[in-house]
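Engineer: Got a structure for you, questions after.
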Amino acid sequence: MAGAVAMEQKQRRESVRIEARIAVSLELPGGRAVEGMATDLSVGGASVRVNGDEEFAIDQSFRLAFPDVSGDAEQSVAARVAGMGRGVLPPSVGRDLAG
């Protein structure tokens, strides 16, 4: 009989993150669209890998849509860039963007 043992690691976030591969569309100010992939999701945000060489800034606002899930790219939520690293944006979704 084979067995496995795993050590639980304490989550350092307020909510659990779940790995995912979901196509996303970001609508930037001015209406420009950028496609990407959500690589993990949580109640308060998502990590998004974007296609192309688009430049982003911390706290930059945009609209985030999950067209393959909703069936409609027009259904989106307000989001902002909470951090960046190696092409991955962890946007804060659905939070007050005014500050």
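Only the coordinates and a few stated rules stand behind these numbers; no lab work does. Values in this document were obtained by computation on a predicted structure and should not be read as measured data. Cβ sites come from the backbone with ideal geometry, for glycine too, and all protein chains shown count toward neighbours.
Engineer: For Ser15 and Glu54 in the same chain, what is the full-extension length gain: residue separation times 0.36 nm, less their Cα-Cα distance, in nm? Before the final figure, lay out each step's value.
Structural biologist: Values: separation 39, 0.36 × 39 = 14.04 nm, distance 2.86 nm.
Extra length from Ser15 to Glu54 when fully extended: 11.2 nm.
Engineer: What would the Debye formula give as log10 I(q)/I(0) at q = 0.22, 0.27 Å⁻¹ for the alpha-carbon point model of the range 18-93, no solvent?
Structural biologist: Each listed q maps to, in turn, -0.96, -1.55.
Engineer: In which sequence would Ile58, Ile22 go, from the one with the fewest C-beta neighbours within 10 Å to the one with the most? Provide the component values of the computation, followed by the final result.
Structural biologist: On the way: Ile58 10, Ile22 16.
Listing Ile58, Ile22 from fewest to most nearby Cβ atoms yields Ile58, Ile22.
Engineer: Short version: ³J(HN,Hα) in whole Hz for each residue of the range 46-59, in order, from phi by Karplus 6.51 cos²θ - 1.76 cosθ + 1.60 (θ = phi - 60°), x for Gly and Pro, what are they?
Structural biologist: My calculation for the range 46-59 gives 7, 9, 10, 9, 9, 8, x, 10, 4, 8, 10, 10, 4, 6 Hz in order.
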